[in-house]
1. Inside the stretch 61-77, can you point out the residues that are free of Cβ contacts under 8 Å to residues at least 40 places away in the same chain and of a type in the set (Asp, Glu)?
2. Check the stretch 89-105 and report whether any residue there is in contact with a strand residue (DSSP E or B) (Cβ under 7 Å, 6 or more places away or on another chain), at pLDDT below 95 and not basic (Lys, Arg).
3. Run down Ile260, Ile279, Ile292 and say which single residue is outside any loop (DSSP other than H, G, I, E, B), hydrophobic (A, V, I, L, M, F, W, C), within 23 Å of Ser153 (Cα to Cα) and touching a Ser or Thr at 6+ places or on another chain (Cβ under 8 Å).
4. Under 9 Å between Cβ atoms, which residue pairs at least 6 apart in sequence (or on different chains) link something in the stretch 114-134 that is free of Cβ contacts under 8 Å to residues at least 40 places away in the same chain with a partner that is assigned to a helix (DSSP H, G or I) and surrounded by fewer than 23 Cβ atoms within 10 Å (Cβ to Cβ)?
5. Is it true that some residue in the stretch 298-309 is at pLDDT 95 or above, assigned to a helix (DSSP H, G or I) and under 19 Å from the mean Cα position of the chain (by Cα)?
6. Of the conditions (1) under 20 Å from Leu192 (Cα atoms); (2) part of a helix (DSSP H, G or I); (3) more than 19 Å from the chain's Cα centre (by Cα), Arg286 fails just one. Which one is it?
7. Within the stretch 263-276, can you find the residues that are assigned to a helix (DSSP H, G or I), farther than 15 Å from Asp241 by Cβ and within 19 Å of the chain's Cα centre (by Cα)?
8. What pairs can you find where one residue is in the stretch 41-54 and free of Cβ contacts under 8 Å to residues at least 40 places away in the same chain, the other is surrounded by fewer than 24 Cβ atoms within 10 Å (Cβ to Cβ), and their Cβ atoms are less than 6 Å apart, with a gap of 6+ or different chains?
Amino acid sequence: MGVKYIKEVMSPEELLEKYPLPKELKELKVKRDKQIADVFTGESDKFLVIIGPCSADNEDAVCDYTNRLAKVQEKVNDKIILIPRIYTNKPRTTGEGYKGIVHQPDPEKAPDLLEGIIAMRKMHIRSIMETELFSADEMLYPENWPYIADILSYVAVGARSVENQQHRLTISGIDIPCGMKNPTSGTLSIMLNSCIAAQSGHTFMYRGWEVKTEGNPLTHTILRGAVNKHGRSLPNYHYEDLMLLNEMYKKHDLKNPACIIDANHANSNKCYYEQPRIISEVLHSRNVSNEIKKLVKGVMIESYIEPGNQSIHEHTYGKSITDACLGWDESERLIYEIADKL
C-alpha cells in the first residue's frame, strides 16, 4: 500500500474539549451569525466585507491584523459587517508549496497535522476573544470541518473544489453562509449547480457515519474570475457579468440569490493593487442597478499588514507568504471608501 500511517490525530471532540469556545462567545456568535445571515436573506441591507490575508501563516500577525479590523468595524458598523479572512488551508495548483497552517504550523518546518489542527483552532479562538469578530475560512478538506464548525461565521469553497461532491454534500449540512466560487474555467452553471446541491438535503457517508442533511439555504455564489486555455485571466465582476448571473439565478429554484465578488485572483490577474479599483466598479454597478444591488451582498479582499508578498524565508512581519495582498493602510482606506459609496 502506498500510504504510510504516521500518527493518529485527535478527534474533533477531543480538540473542542481541549480548546473550547467560552460560553459568552458562543452567545455572541449566535447574534453575529444572525446579522450575517440577515444580509443574505434580505432582512438587512448591510454590506459584507470579507477581508484578510491570503493565508493565515502567523498567529501574532493575524491577530494583530484582526484587532485593527475590530477598531474599523466600530466606525462602519451602520453600513458594513467585517468578516476576517483567517484561511488556514491553502490550495496548491500543483500540490507543491506552503499548504497552510493546518499542514505546517511553522512554514519552514516539516508538516505536522496534529500540531496544525491545534494551531488552527487556537488562532481562530484567540482572534475571536480579542476582537469579538467571527471569521471566514476555506473548506479545503471537508472532513476537517468539525474541528472549527463552532467558531466560523462564513465558509468558502474554492474554484478547484466547487465541483467536488463531498464538498457540496458537506456544505448541505452546515448552518452558516457558504460561498461557492466559480471554477477556474469560469463556467457559471457549475457554480450554480453546486449551490443547488448544497441547498438540498442528502444522505451520504461522512467521517465513518451515514449522515443526513437538510440543506443550507444560505449557500451562494462567489465570482473570482476565470482562466482560459491560454492561461489568460478573464474577469467576471463587470456589470454585464453581474446581470448575466442575475438572469441565470432567475432560471433556478434557489433560495436567497446572492453573490460575493472576490476582488483578487483571476479578477485582478493577481495584481493585488487593482482590488480597490475593482471594488469601486462593483459598487458603481450596485448603485445603477437595483437588481445588482439586491444580488451583490459583499466583496472579498486579500489584505495583510504589509503590501505584496515574500518568500517563506524572508520573515517580514505581517507580509503574505502566498498571494500578494493589500497593505493595512490601503485596506483601512478602502473600507472607509466602501462605506462612503454604499
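The values are calculated or read from the model by the stated rules, or taken from the named source; none is laboratory data. Owing to the predicted nature of the structure, the values given are computational and were not obtained by experimental measurement. A quick note on method: Cβ atoms are made from the backbone with ideal geometry, for glycine too, and the neighbour counts reach across all protein chains shown.
1. Narrowing the stretch 61-77 to residues free of Cβ contacts under 8 Å to residues at least 40 places away in the same chain: 71, 74, 77.
Across the stretch 61-77, the qualifying residue is only Glu74.
2. As a first pass, look at the stretch 89-105 and keep what is in contact with a strand residue (DSSP E or B) (Cβ under 7 Å, 6 or more places away or on another chain): 89.
With at pLDDT below 95 added as a condition, the list becomes 89.
Filter once more, keeping what is not basic (Lys, Arg): 89.
Yes, because at least one residue in the stretch 89-105 is in contact with a strand residue (DSSP E or B) (Cβ under 7 Å, 6 or more places away or on another chain), at pLDDT below 95 and not basic (Lys, Arg).
3. Residue meeting the stated conditions: Ile260.
4. From the stretch 114-134, the pairs are Met120/Asn144.
5. Keep residues of the stretch 298-309 that are at pLDDT 95 or above, which gives 298-309.
Restricting the remaining residues to those that are assigned to a helix (DSSP H, G or I) gives none.
Checked the stretch 298-309: no residue is at pLDDT 95 or above, assigned to a helix (DSSP H, G or I) and under 19 Å from the mean Cα position of the chain (by Cα).
6. Evaluating Arg286 over (1) under 20 Å from Leu192 (Cα atoms); (2) part of a helix (DSSP H, G or I); (3) more than 19 Å from the chain's Cα centre (by Cα) leaves (1) as the failure.
7. Residues of the stretch 263-276 that are assigned to a helix (DSSP H, G or I), as a first pass: 265-267, 272-276.
Next, only the ones that are farther than 15 Å from Asp241 by Cβ stay: 272-276.
The answer is Tyr272, Gln275, Pro276.
8. Qualifying pairs under 6 Å: Ser44/Asp38; Lys46/Val39; Lys46/Ile81.
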